[in-house]
1. Can you pull out the residues in segment 48-61 that are closer than 16 Å to ALA78 by Cβ and either aromatic (Phe, Trp, Tyr) or open to solvent by 60 Å² or more (accessible area, probe 1.4 Å) (or both)?
2. Regarding segment 212-226, can at least one residue be identified that is of a type in the set (Ser, Thr, Tyr), open to solvent by 10 Å² or more (accessible area, probe 1.4 Å) and touching a residue at least 24 places away in the same chain (Cβ under 8 Å)?
3. What tally of residues in segment 297-322 results from selecting those that are open to solvent by less than 10 Å² (accessible area, probe 1.4 Å) and part of a strand (DSSP E or B)?
4. Within segment 153-168, how many residues turn out to be more than 25 Å from the chain's Cα centre (by Cα) and open to solvent by 30 Å² or more (accessible area, probe 1.4 Å)?
5. Looking at SER112, SER64 in this structure, which one is modelled with pLDDT under 95 and surrounded by fewer than 16 Cβ atoms within 10 Å (Cβ to Cβ)?
6. Tally up the residues in segment 359-371 that are assigned to a helix (DSSP H, G or I) and buried (at least 16 other Cβ atoms within 10 Å of the Cβ), please.
7. GLN236 passes all but one of (1) in contact (Cβ under 8 Å) with a residue 40 or more places away in the chain; (2) out of contact with any strand residue (DSSP E or B) (no Cβ under 7 Å at 6 or more places or on another chain); (3) buried (at least 17 other Cβ atoms within 10 Å of the Cβ); which number fails?
8. Please go through segment 12-27 and give me each residue that is at pLDDT 95 or above and either of a type in the set (Asp, Glu) or part of a loop (DSSP other than H, G, I, E, B) (or both), ordered by number.
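The values are calculated or read from the model by the stated rules, or taken from the named source; none is laboratory data. In this text the structure is predicted, and so the values were computed from the model without any measurement. Cβ atoms come from the backbone with ideal geometry, glycine included; neighbour counts cover every protein chain shown. For the accessible areas, the whole protein counts, side chains as well, though only heavy atoms, and no ligand, DNA or RNA atoms are used. Shrake-Rupley method; radii C 1.70, N 1.55, O 1.52, S 1.80 Å.
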Amino acid sequence: SLFRPFTIPSMKILLLSAYDAESHKRWRTGLVNNLSEHEWVTLTLPPRYFAWRIRGNGLSWGVSERDTFCQAWDLIVATSMVDLATLKGLVPEIARVPSVLYFHENQFAYPSTRRQFSSLEPQMVNLYAALAADVLVFNSDYNRNTFLEGVEELLAKMPDAVPQGVAGKLNRKANTLAVPLEASAFTAREQRQERGQGLHILWNHRWEYDKGPARLLEAIGAIPESLKLTCHVVGQQFRQRPPEFEKLRELLIVRGWLGQFGYIEDAQVYRQLLRSSDVVLSTALHDFQGLSVLEAVAAGCVPVVPNRLAYQELFADRYRYLSCSGDGSAEPVEATLSESAACAAMITHYAQHGLPIAPSVSNLSWSSLGPLYRRLIQQ
């Protein structure tokens, strides 16, 4: 049994995060804090210059951090952005150190966009790192399945000298273990429906193309104007942001629905917004786990999410609106509009008839998943 009492000797573990985005940072911080019986040494690189970062981290670390890598390690835990194969080649001292590769995402399942590189480099880094690791861990079955399918599809396109059974070999050492939610995410709720302020809708994602701002704009625009709503659109922003957000802001102002709009620096203020919102909405073109949605659900929000991506394994049918298939990159306008209409219909129903009970996500807490991570480390 995974929950048998056991004793793990303290280990010296090297933790590598080559593109240390917010979700990656939360995961590695949680590992160090919740498995504090081990000695952790962490190396990170900032989440910028994607093409250079994913291809160059082996060089960056293999040369500048060689002394660190040459220490005596019991285990290496790395994110899938780490070019583990190159690192093991440049620093042969770590070649025999057991290694775990953790996939927050995979480069085979991203929607296409003008800003993405057409190069195969990101996918090949994922593939080579997976082959070089002893154990693969994915944050969702959706992530795992799309990675393995992507590997098969890619290799099937290659002209010759393609080894057989690569995806099967990777699958045999693959596991699924979600990024856990911190205890602070689970907070007591206030009664909101009696406030007389209508339904409070929260959209709390990165302000980028892959989180579906066009679908968000279409969905909000399809909600009847007569409804009493407050829409909070918050999340991490970057130097360039999709133009749909300014159009959405104008729409919310015209309809009198504008709530919080922009990035919230203060964590306590953000947590309060989660606790005071009724519905958390996703219009994403891809979500490998959907941490921002899960965080809001842990605070008591009812999810309104597409019937695809990782959400199919996270939430029951009643919380998922009708979706078109694919990543949205080449869909006809009618398909996108039908999904937006389904999303708007679900929100409209909740505004007119009341909310269902929010699902529990306590199974994704560190108290629930911590023992599984300990077992993984022991094995």
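1. Quick first cut of segment 48-61, residues closer than 16 Å to ALA78 by Cβ only: 53-61.
ARG55, LEU59, TRP61, listed by residue number.
2. Checking segment 212-226: not a single residue is of a type in the set (Ser, Thr, Tyr), open to solvent by 10 Å² or more (accessible area, probe 1.4 Å) and touching a residue at least 24 places away in the same chain (Cβ under 8 Å).
3. 6
4. Of segment 153-168, the ones more than 25 Å from the chain's Cα centre (by Cα) are 155-166.
Those left that are additionally open to solvent by 30 Å² or more (accessible area, probe 1.4 Å): 155-165.
Residues flagged as more than 25 Å from the chain's Cα centre (by Cα) and open to solvent by 30 Å² or more (accessible area, probe 1.4 Å) within segment 153-168 amount to 11.
5. SER112
6. Start the filter on segment 359-371 by keeping residues that are assigned to a helix (DSSP H, G or I), which leaves 362-364, 366-371.
Now drop any that are not buried (at least 16 other Cβ atoms within 10 Å of the Cβ), which leaves 364, 366, 369.
The qualifying residues number 3.
7. Exception for GLN236: condition (3).
8. Once the filter is applied, which keeps residues that are at pLDDT 95 or above and either of a type in the set (Asp, Glu) or part of a loop (DSSP other than H, G, I, E, B) (or both), segment 12-27 yields ALA18, TYR19, ASP20.
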